[in-house]
Amino acid sequence: MGIRIEKVDLPGIGVRHDLVTEGGRRISVVSHRDGERDLGVFDEDDPDACRNSVPLNDEEAAALADVLGASVMLSRLTSLSDETAGLYTEQIALPTDSPYLNRTLGDTKARTRTHASIVAIVRDGSVIPSPTPAERLRAGDVIVVVGTREGLDGVSRLLANGPD
Amino acid sequence: MHETTLLLIEAGALLLGMSLLGRLANAIGISAIPFYLLLGLAFGDGGFIPFDASEEFFETGSEIGVILLLALLGLEYTASELFGSLKSARAAGLVDALLNALPGAALALLLGWGPVAAVALAGVTWVSSSGVIAKLLRDLGRLSNRETPGILAVLVLEDLAMAFYLPILSALVIGLSLWQGAISVAIAVAVVSVILFVALRYGNLVSKLFPADQYEPLLLGVLGLTMLVAGLAAEVNVSAAVGAFLVGIALSGRVAENASQVLTPLRDLFAAIFFVFFGLTTDAAELVSMLLPALALAVVTILTKLATGVYTARKAGVGTLGQWRAGFALAPRGEFSIVIAGLAVGAGVAPQLAPLATGYVLITIIAGTFLARVPDAAWFRESVKRRRARQAG
């Protein structure tokens, strides 16, 4: 099912975007002209009224969007592995003695060597979605990989031992 | 004492008093406008101390106040918002105009003030206060609510309607013969239409005149253009306020954003002076005699605004509670009502209009601020729910 986001003009103030969830709850974001946002959660009894609104500044809004966006991506990946035969997702912790520690993602040439894709890196509890080849791997990184079983094993080996 | 020294003392004392009253208003959560009006009433004509030395200072300040009030109102709206509201809320705007202008006109005729005063009082009761209501919606956390876009659209339409109403009123109050009056009204409407067209169509060209990121030249430039156009507009009987409003609309993009940032403190200062000055020149003794008609008018027009809000919200598919919220939120009248009354009284139409308008604005702002909170109260929500249950069962 497609997700519908409704846009409403608030003359003199900004715009409002509404999202109605499958469960019937309405969430809205008011974007003020000056970049301030209000995250509003609607009342269940009175679906026209905003029960609680949380003012967010530019950076807070972006951070929240990142968290929400990343979890959508990860959950989509999990469902993908259930539905699509032969394609799996794995989260691989970077071995502490990996030859690629503090080197860039591009150096691993993971996609060319294993035909599996690195789609995200989880670092310090936050997610770097779609990391670029220039992204440097750090100690403690968890790498999210999509590919065939063989491909995933290949990435695992590659990160632990370097190219065969 | 030297004239200038006296002016400094009077103006300083008054501004200091206004600051204290502003804090008080903030603390109890209502607009400061009624307090400024009351402060003005307490002093000046018919008050405790007449302010002689600073009268001229306050008069000039109040004129700049009206101009800035309207210019910033224009800056708030973009062309697409104006046209969007015009399309989506046409019916609501019409209901609003009819329901709320008629009681004012009727009262003026009833009091025997004549047709011109009737047009003026119709305007006083018609226009809700965008400033007070926008602040109210923000304070009550209702910006996300579903009835809010409808309320805002009604406010936009009222403001747009003022661009045509004010020049018509200024043509009428000059008191020309019917034929000459008709001509000057036609000229006024034509001029406003042309400026509005240019402002909406070529606004980006006007904005190019100003440097968006250099605050000092921006402030001086926008203020200068606004006062210049306001003055020229007044010269052709199109009311200075409307000229300022149109300049505000013509500016767009970053220039508009930054201009409203640098002009807002000035607007706050001079608009406050405008309200105090209106109080200063209004006789407090007459306010008492006009209190009863003002109260009656307020009761009737709060009900008609309630009907307007309910109609607007219902059309947008908002539930019962939301309809009540929209209705009560529209009740406060403010800056425009005073601008209209000032225009009419300044031209010598029915001098009692000033105390009536003052009393009326005082009552609607205070009552409106409290009424707006009623639909949030637990007992109110309960009773709406009970009624809905009864109707369902």
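In region B:310-330, the qualifying residues are those that are of a type in the set (D, E, K, R) and more than 9 Å from chain A (Cβ to nearest Cβ), and the one that is nearest to B:G141 (Cα to Cα) is B:R314.
Can you find even one residue in region B:264-276 that is under 30 Å from A:D34 (Cβ atoms), surrounded by 17 or more Cβ atoms within 10 Å (Cβ to Cβ) and small (G, A, S)? Can you show your working first?
Within region B:264-276, the subset under 30 Å from A:D34 (Cβ atoms) is B:264-276.
Right, trim to surrounded by 17 or more Cβ atoms within 10 Å (Cβ to Cβ) and you get B:267, B:270-276.
Imposing the further condition that a residue be small (G, A, S) reduces the set to B:271-272.
Yes.
Here is a check on your reading of the model: is B:G203 small (G, A, S) and within 14 Å of another protein chain (Cβ to nearest Cβ)? Spelling it out, it is not the case that B:G203 is small (G, A, S) and within 14 Å of another protein chain (Cβ to nearest Cβ).
So which residues in region B:282-297 are under 17 Å from B:V124 (Cβ atoms) and in a helix (DSSP H, G or I)?
Going through region B:282-297, the residues under 17 Å from B:V124 (Cβ atoms) turn out to be B:282, B:286-287, B:290-297.
B:E286, B:L287, B:M290, B:L291, B:L292, B:P293, B:A294, B:L295, B:A296, B:L297 - these are the residues of region B:282-297 that are under 17 Å from B:V124 (Cβ atoms) and in a helix (DSSP H, G or I).
Taking region B:175-202 on its own, how many of its residues are of a type in the set (G, A, S) and within 23 Å of B:I64 (Cα to Cα)? Count: 2. Among the residues of region A:105-120, not a single one is surrounded by fewer than 20 Cβ atoms within 10 Å (Cβ to Cβ), over 16 Å from the mean Cα position of the chain (by Cα) and part of a strand (DSSP E or B). Only one entry in B:G279, B:G253, B:G348, B:G317 is surrounded by fewer than 24 Cβ atoms within 10 Å (Cβ to Cβ) and within 30 Å of B:G40 (Cα to Cα), namely B:G348. Among the residues of region B:70-93, are any surrounded by fewer than 22 Cβ atoms within 10 Å (Cβ to Cβ) and more than 14 Å from chain A (Cβ to nearest Cβ)? Yes, region B:70-93 contains at least one residue that is surrounded by fewer than 22 Cβ atoms within 10 Å (Cβ to Cβ) and more than 14 Å from chain A (Cβ to nearest Cβ). Filtered by the rule that a residue be out of contact with any Lys or Arg (no Cβ under 6 Å at 6 or more places or on another chain) and more than 12 Å from A:S53 (Cβ to Cβ), region A:19-31 gives A:L19, A:T21, A:E22, A:G23, A:G24, A:R25, A:R26. Anything in region B:1-49 that is surrounded by 12 or more Cβ atoms within 10 Å (Cβ to Cβ) and part of a loop (DSSP other than H, G, I, E, B)? List them, or say none. Residues satisfying the conditions are B:G29, B:I30, B:S31, B:A32, B:F43, B:G44, B:D45, B:G46, B:G47. Can B:A134 be described as closer than 27 Å to A:H17 by Cα and either at pLDDT below 90 or of a type outside the set (S, T, N, Q) (or both)? Answer is yes for this residue. Taken together, the criteria exclude B:L303 from residues that are more than 14 Å from every other protein chain (Cβ to nearest Cβ), over 21 Å from B:A97 (Cβ atoms) and part of a helix (DSSP H, G or I).
Taken over region B:242-267, the criterion of being within 20 Å of B:S31 (Cβ to Cβ), modelled with pLDDT under 90 and either in a loop (DSSP other than H, G, I, E, B) or within 15 Å of the chain's Cα centre (by Cα) (or both) is satisfied by no residue. Scanning region A:61-101 for residues that are modelled with pLDDT of 65 or more and in a helix (DSSP H, G or I) gives A:A61, A:A62, A:A63, A:L64, A:A65, A:D66, A:V67, A:L68, A:G69, A:A70.
Being surrounded by fewer than 23 Cβ atoms within 10 Å (Cβ to Cβ), within 14 Å of chain A (Cβ to nearest Cβ) and among the small types (G, A, S) is a property that B:S128 lacks.
Among the residues of region B:73-120 satisfying the criterion of being acidic (D, E) and closer than 30 Å to B:P265 by Cβ, which is nearest to the chain's Cα centre (by Cα)? Give the steps one after another, and end with the answer.
Just the residues of region B:73-120 that are acidic (D, E), to begin with: B:76, B:81, B:96.
Still in the list and also closer than 30 Å to B:P265 by Cβ: B:76, B:81.
Numbers: B:E76: 14, B:E81: 19 Å.
My answer is B:E76.
I'm trying to understand the selection: among the residues of region B:140-156, which are more than 8 Å from chain A (Cβ to nearest Cβ) and among the β-branched types (V, I, T)?
Within region B:140-156, the subset more than 8 Å from chain A (Cβ to nearest Cβ) is B:140, B:150-151, B:154.
Selection gives B:I151, B:V154.
The values are calculated or read from the model by the stated rules, or taken from the named source; none is laboratory data. Keep in mind the model is a prediction, meaning the values are calculated, not measured. Positions of Cβ are generated from backbone atoms using ideal geometry, with glycine treated the same way; all protein chains shown enter the neighbour counts.
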